[in-house]
Amino acid sequence: MSDCLFCKIIAGEIPSDKVYEDELCYAFNDIAPQAPSHFLVIPKAHIGSVSEIDGSNSGLVAHIFEVIAKITAEKGIESYRVVSNIGEQAGQSVHHLHFHVLSGRDMTWPPG
Ligand code: 5GP
Ligand code: ZN
C-alpha cells in the first residue's frame, strides 16, 4: 500500500534497523523502544491489523510466530512479551499488522 509507513520500510524507502528478513516477513527495531529489546515483526504483504486475519492469510501469521520464536532463541531471550494493538482505543498508530516483541525488563500485568 503506497501510503503505509511500514510498506515504505519494507520497500527500503524509509530506513530501519533490520533484525531479520525472509520472503514473507521483516523484523526491525522499534524507533521508540519501550523495553531494552523492542522489535517489530511485520508481514511483507499489507494487512491492516489482527482484525483482518482470516483463512487466506493466517498461515502468514503462523510463520511470523515461528520467526519470533527463532529470533528470540538466537538472541538468548527467554522471557518476552508479544503485543499487537488493534484500533485506536488499544493504541494502534500504524495500520499495517505488526507484532511488538518486548524484553529485558520486568513487566506489569495487566498492561496499562
Ligand atoms: P502501534 O502503536 O501501532 O502498536 O505500534 C507502532 C510502532 O511503530 C510504535 O511502537 C512506534 O514507535 C513504531 N514506529 C513508528 N514509526 C516508526 C519508524 O519510522 N521506524 C521504526 N523503526 N518504528 C516506528
Ligand atoms: Zn502496509
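The values are calculated or read from the model by the stated rules, or taken from the named source; none is laboratory data. Note that the structure is predicted; figures quoted are calculated from it, not measured. A quick note on method: Cβ atoms are made from the backbone with ideal geometry, for glycine too, and the neighbour counts reach across all protein chains shown. SASA here: full protein model, heavy atoms, side chains in, ligands and nucleic acids out. Shrake-Rupley method; radii C 1.70, N 1.55, O 1.52, S 1.80 Å.
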Note on segment 60-78: residues surrounded by 10 or more Cβ atoms within 10 Å (Cβ to Cβ) and part of a loop (DSSP other than H, G, I, E, B) are Ile77
Of all residues being acidic (Asp, Glu) and in contact with a strand residue (DSSP E or B) (Cβ under 9 Å, 6 or more places away or on another chain) in segment 1-52, which is nearest to Pro111 (Cα to Cα)? Just the residue, please. Asp30
Taking segment 82-94, which residues are out of contact with any strand residue (DSSP E or B) (no Cβ under 8 Å at 6 or more places or on another chain) and within 20 Å of Glu21 (Cα to Cα)? Val94
Pro15 passes all but one of the listed conditions (1) within 16 Å of ligand 2 (Cβ to nearest atom); (2) in a loop (DSSP other than H, G, I, E, B); (3) in contact with a helix residue (DSSP H, G or I) (Cβ under 9 Å, 6 or more places away or on another chain); the exception is number (1)
Would you say His96 is in contact with an Asp or Glu (Cβ under 8 Å, 6 or more places away or on another chain), modelled with pLDDT of 95 or more and near ligand 1 (Cβ under 9 Å from one of its atoms)? no
For segment 27-51, how many residues are open to solvent by less than 20 Å² (accessible area, probe 1.4 Å) and outside any loop (DSSP other than H, G, I, E, B)? 8
For Ser56, the lone unmet condition from (1) closer than 21 Å to Cys7 by Cβ; (2) surrounded by 15 or more Cβ atoms within 10 Å (Cβ to Cβ) is (2)
Looking only at segment 95-106, count how many residues are in contact with a strand residue (DSSP E or B) (Cβ under 7 Å, 6 or more places away or on another chain) and either open to solvent by less than 60 Å² (accessible area, probe 1.4 Å) or within 16 Å of ligand 2 (Cβ to nearest atom) (or both). 8
Right, Ser79: among the polar types (S, T, N, Q), more than 16 Å from ligand 1 (Cβ to nearest atom) and touching a strand residue (DSSP E or B) at 6+ places or on another chain (Cβ under 8 Å) or not? yes
